1. Restricting segment 31-63 to residues that are touching a helix residue (DSSP H, G or I) at 6+ places or on another chain (Cβ under 9 Å) and at positive phi, which is nearest to ligand 2 (Cβ to nearest atom)?
2. Within the set of pairs 6+ apart or on separate chains, which have a first residue in segment 80-106 that is modelled with pLDDT under 95, a second that is open to solvent by 30 Å² or more (accessible area, probe 1.4 Å) and assigned to a helix (DSSP H, G or I), and C-beta atoms under 7 Å apart?
3. Among the residues of segment 64-85, are any within 16 Å of ligand 2 (Cβ to nearest atom) and open to solvent by less than 70 Å² (accessible area, probe 1.4 Å)?
4. From Ala8, Ala78, grab the single residue that is away from ligand 1 (no atom under 15 Å from the Cβ) and either closer than 19 Å to Pro175 by Cβ or in contact with a helix residue (DSSP H, G or I) (Cβ under 6 Å, 6 or more places away or on another chain) (or both).
5. Has segment 132-140 got at least one residue that is within 16 Å of ligand 2 (Cβ to nearest atom), at pLDDT 90 or above, surrounded by fewer than 17 Cβ atoms within 10 Å (Cβ to Cβ) and over 21 Å from Tyr37 (Cβ atoms)?
6. Go through segment 22-52 and give me each residue that's touching a Phe, Trp or Tyr at 6+ places or on another chain (Cβ under 9 Å), within 7 Å of ligand 1 (Cβ to nearest atom) and free of Cβ contacts under 8 Å to residues at least 60 places away in the same chain.
7. Does Gly224 satisfy the condition of being at pLDDT below 95 and in contact with a Lys or Arg (Cβ under 8 Å, 6 or more places away or on another chain)?
8. Within segment 205-221, how many residues turn out to be assigned to a loop (DSSP other than H, G, I, E, B) and modelled with pLDDT of 95 or more?
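The values are calculated or read from the model by the stated rules, or taken from the named source; none is laboratory data. On a predicted model such as this, the values are computed, not experimentally measured, just so you know. Cβ: placed from backbone, ideal geometry, glycine included. Neighbour counts: every protein chain shown. Calculation scope for accessible area: heavy atoms of the full protein, side chains included, ligands and nucleic acids excluded. Shrake-Rupley method; radii C 1.70, N 1.55, O 1.52, S 1.80 Å.
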Amino acid sequence: MAEPVRLAVATDGVTKVFGRGGNAVHALRGAFLEVPYGELVMLVGPSGCGKTTLISILAGILDRTEGRCEVLGVDPQAMSQGALTRWRGQNIGFVFQQFNLIPTITVAENVAVPLLLQGQARRRALAAAEAALERVGIADKRHSRPTQLSGGQQQRVAIARALVHEPRFVVCDEPTSALDADNGQLVMELLAEIAVQGDRALVVVTHDSRVFHFADRIVRMDDGRVVDTRTQIADRTARQHSESP
Ligand SMILES: Nc1ncnc2c1ncn2[C@@H]1O[C@H](COP(=O)(O)OP(=O)(O)OP(=O)(O)O)[C@@H](O)[C@H]1O
Ligand SMILES: [Mg+2]
């Protein structure tokens, strides 16, 4: 008999209502999503269809209104605030659509934050942060402030921060939106290498068709629901873009 597929994410009937009464916004209207361990799932769909809302719920940074949600075997919403914070710190990496870097500390300190929150010694955390910055190709900016960086450089810092603690579940909101074709390919290759393994999984929200080939499945959302899931044989190598202008 075939082994049952082990799921990193299992959600069903997830709804999210922001506000109430006449101002209520139904951001999710019963979303179904399954992400097997070892897979890279891309989430696509028009602006406002609920992509950021859904991945925020998966990452335990937003509560759902209704429905079922299990991530890495637990329901984030069932945990106490303290347990949830620890769980997120150990298991979740998040690349925010707006990067959310802390402007008053250096790039290396930003990347070290997940390790410092886990109680790691500062010197060790900063060394790991510098290694992560090296991998995204901007170690030379480690002493800069985030505001001194270009959008694409800030995006790579946000990716280094999401991966530095080697989390089991990583969610990325448009991680290549500010990157040129070559850096987009390299960043996806790095994300896949670190976040897609037997006991890990990666969900990437993207509009960027140049990176679709990295995905095991492409999930399309519309108006708060998942409307289509397409599986494919992933090719997780960066493709050369020599046909540039
Ligand atoms: N905090 C909030 N309060 C009220 N409404 C919200 C909030 N966050 C999101 N929404 C609304 O929920 C809906 C879904 O938003 P969401 O950010 O999930 O869309 P999205 O698919 O990520 O869009 P985009 O591609 O533009 O990033 C939108 O109508 C949005 O206006
Ligand atoms: Mg969004």
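1. Taking segment 31-63 and keeping what is touching a helix residue (DSSP H, G or I) at 6+ places or on another chain (Cβ under 9 Å), we get 31, 33, 35, 40, 42-45, 57-63.
Right, trim to at positive phi and you get 45, 60.
On the way: Gly45: 10, Gly60: 17 Å.
Step by step, filter segment 31-63, then rank; the result is Gly45.
2. That search, which allows pairs on different chains as well, returns Gly89/Leu117; Gln97/Thr52; Phe99/Gln154.
3. So the first thing to find is which residues in segment 64-85 are within 16 Å of ligand 2 (Cβ to nearest atom), and the list is none.
No, segment 64-85 contains no residue that is within 16 Å of ligand 2 (Cβ to nearest atom) and open to solvent by less than 70 Å² (accessible area, probe 1.4 Å).
4. Details: Ala78 fails: either closer than 19 Å to Pro175 by Cβ or in contact with a helix residue (DSSP H, G or I) (Cβ under 6 Å, 6 or more places away or on another chain) (or both).
Every option except Ala8 fails the conditions.
5. From segment 132-140, those within 16 Å of ligand 2 (Cβ to nearest atom) are none; that's our starting set.
No, that holds for no residue.
6. Selection gives Val25 alone.
7. Numbers: at pLDDT below 95: no; in contact with a Lys or Arg (Cβ under 8 Å, 6 or more places away or on another chain): yes.
The answer is no for Gly224.
8. To start, the set of residues in segment 205-221 that are assigned to a loop (DSSP other than H, G, I, E, B) comprises 206-208, 215-216.
Applying the additional criterion that residues be modelled with pLDDT of 95 or more yields 206, 215-216.
Counting residues in segment 205-221 that are assigned to a loop (DSSP other than H, G, I, E, B) and modelled with pLDDT of 95 or more gives 3.
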